[in-house]
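The values are calculated or read from the model by the stated rules, or taken from the named source; none is laboratory data. Only a predicted model underlies this, so the values are computations on that prediction, with no experimental measurement involved. Every residue, glycine as well, gets a Cβ built from its backbone with ideal geometry; the counts of neighbours run over all protein chains shown.
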Amino acid sequence: MKLIKVILIFASICSWGQQANYKFNNFGNRSILLSGNVTGSVSDIGLVYYNPARLTKLENTGFSFNAKAYQINKINLTSVFDEERQLENISFGGVPSMAGGTFTLFGERFGYSFLARRRGNLKLNTSTRQISDRITELFPDAEAYNLNASITDSVKEDWYGLTWAKEISENFSLGISAFASSYNNEGSRSVSHTIQFNPDAVGYFLKRTGFTQKSYGLNIKVGASYKLKNIDLGLNINVPYLEVYEDGGYNYNEVVSGVGTEFDVFYDYIFDELNTRRKEPFGLSIGAGIPIKKSKIHLNIDYVAGVSSYNRIAIPSIDIGADTPTPVDFNEERKTVFNFGIGGEIYINEKFKSYFGFSTDFNAFKDNSTAFDLSIEDAGNTVIGADFYHLSGGIDWEMSWASIILGFTYASGSSDFKNPFNLNTSDTNFNNTQESTLSNQRYQVIIGLEIPLIDNISNKNKKENEIN
């Protein structure tokens, strides 16, 4: 039981951290190294995300991409089952990335982009035959025991965008990015116990739940850019998510057998084509790029509005033996969040620049449902949301044919929570309610490449030859 509780907690935080925090992933080669503090001064294809108005300030890049960065994710739990117990999990894998470019058509500036906005894919399982103290407490005559448990939680969100910007005056530009998005979230949890508590009696307990949620819609960003003397100022507005199509499903299966006729049960529910909702709130970002000789300081403030409690998946009530049908809540609620950050761009020479960044990334969830709390009796406030702090750094190496960006990021956060996992079956309660502390550390290695248009390469080489 101890092992399965730990694994379920790991799965929940790994898969949902990036949805509870708005700055968990950044996009654009230099923008990543500046920790996303580029609303007023973005200078790479990340402008489609951070401030589309800056498109008028960027030379046509032809094509650029963030090579798929890799990360080490370290999760540490303390006081999971007793005050001195400490558990750790380390994983390695890829992180979301983007690709895109800019071009001019009929005298207008455009950009195109693809963002792997969110990625999460967890498939964890465990089994044990060890008879624990908890089992012998519930079944003193237990002779054999088998536990099988698994949890899956996958999140995939992709954005396909087109950006347009217009220079209103020499110092002022407006822009807009429109992204068609696809979102797919699936989660499931299964726990079974088989107990032989005397030579002629075997008890079997099973609880299995799962959900699916699909959403297709539009994400729109409106940006403004203004140059005040040598200072770059920017404003970016995130319009609330416009959902066009939605669909969902839910299943619940519970079996108790061999405990006694008054306790044995079998419940099996499958619901398809359920009504769902997905909300992403209004946001506002303000930023500035302040030059210091040939270097620059980047400042950013982000505001994201809260979201009142709403039902993400409309699941019908189910009959599991209570006097009245049992409601199944699958809700979400978010609080208002303010984030701030600072970045630095240090000029070394014509071919090299270095970058660093810091930003806050506060958890927005007040309440949310996941595969972690699907099993009716467990339903409640099971939010595991951490406030993260991001650090980043790297270099931009500019060559004649391309620019190569190399760097790293580091994120750290922690939160306190009450372990909600239990399996209440008739008079049998497999439960642990001790408060725990979770800390999460993430290390990323970033490799980016920007390839300019052929004409730009020729012009650049010509200038270098003239200088030589």
Quick one: how many residues across the stretch 293-328 are modelled with pLDDT under 95 and of a type in the set (A, V, I, L, M)? 8
Please determine whether any residue of the stretch 329-339 is assigned to a loop (DSSP other than H, G, I, E, B) and modelled with pLDDT of 90 or more. yes
Only one of Glu143, Glu170 is exposed (fewer than 14 other Cβ atoms within 10 Å of the Cβ), modelled with pLDDT under 90 and out of contact with any His (no Cβ under 7 Å at 6 or more places or on another chain); which? Glu143
Being modelled with pLDDT of 95 or more and either more than 30 Å from Glu350 (Cα to Cα) or not in a strand (DSSP E or B) (or both) narrows Glu254, Glu262, Glu246 down to just Glu246
Scan the stretch 304-332 and report the pairs whose first residue is in contact (Cβ under 8 Å) with a residue 24 or more places away in the chain and whose second residue is of a type in the set (Lys, Arg) and in a strand (DSSP E or B), with Cβ atoms within less than 6 Å and a gap of 6+ or a chain change. Gly306/Arg334; Val307/Arg334
Report, ordered by the first and then the second residue, all pairs with beta carbons closer than 8 Å, sequence separation of six or more or different chains, a first member in the stretch 277-290 that is closer than 30 Å to Asp329 by Cα, and a second member that is surrounded by fewer than 17 Cβ atoms within 10 Å (Cβ to Cβ) and among the aromatic types (Phe, Trp, Tyr). Arg277/Tyr310; Lys279/Tyr310; Gly283/Tyr303
Quick check on the stretch 110-140: of everything there that is more than 30 Å from Glu186 (Cβ to Cβ) and of a type in the set (Gly, Ala, Ser), which residue is modelled with the lowest pLDDT? Ser132
Name, by its number, the condition in (1) under 27 Å from the mean Cα position of the chain (by Cα); (2) loosely packed, with under 15 Cβ neighbours inside 10 Å that does not hold for Gly249. (2)
Please find, within the stretch 211-225, the residue that is surrounded by the most Cβ atoms within 10 Å (Cβ to Cβ) out of those that are out of contact with any Asp or Glu (no Cβ under 8 Å at 6 or more places or on another chain) and not basic (Lys, Arg). Gly223
Does Ser295 count as under 26 Å from Leu233 (Cβ atoms), surrounded by 12 or more Cβ atoms within 10 Å (Cβ to Cβ) and more than 20 Å from the chain's Cα centre (by Cα)? yes
Here are Lys296, Lys229, Lys221, Lys214: which of them is among the basic types (Lys, Arg) and on the phi > 0 side of the Ramachandran plot? Lys229
Positions within the stretch 277-299 being of a type in the set (Gly, Ala, Ser) and in contact with a Phe, Trp or Tyr (Cβ under 9 Å, 6 or more places away or on another chain), in sequence order: Gly283, Ser285, Gly287, Ser295
Residues of the stretch 178-192 satisfying the condition of being modelled with pLDDT of 85 or more and crowded, with 21+ Cβ neighbours inside 10 Å: Phe179, Ser181, Tyr183, Asn185, Gly187
Among (1) in a loop (DSSP other than H, G, I, E, B); (2) within 30 Å of Asn230 (Cα to Cα), where does Asp323 come up short? (2)
Quick check on my filter: what residues within the stretch 367-417 are among the aromatic types (Phe, Trp, Tyr), buried (at least 18 other Cβ atoms within 10 Å of the Cβ) and modelled with pLDDT of 65 or more? Phe388
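A quick yes/no check of all residues on (1) part of a strand (DSSP E or B); (2) under 30 Å from Tyr347 (Cα atoms):
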{"residue": "Tyr226", "(1), (2)": "yes, yes"}
{"residue": "Phe271", "(1), (2)": "yes, no"}
{"residue": "Glu280", "(1), (2)": "no, no"}
{"residue": "Gly289", "(1), (2)": "yes, yes"}
{"residue": "Lys296", "(1), (2)": "yes, yes"}
{"residue": "Leu299", "(1), (2)": "yes, yes"}
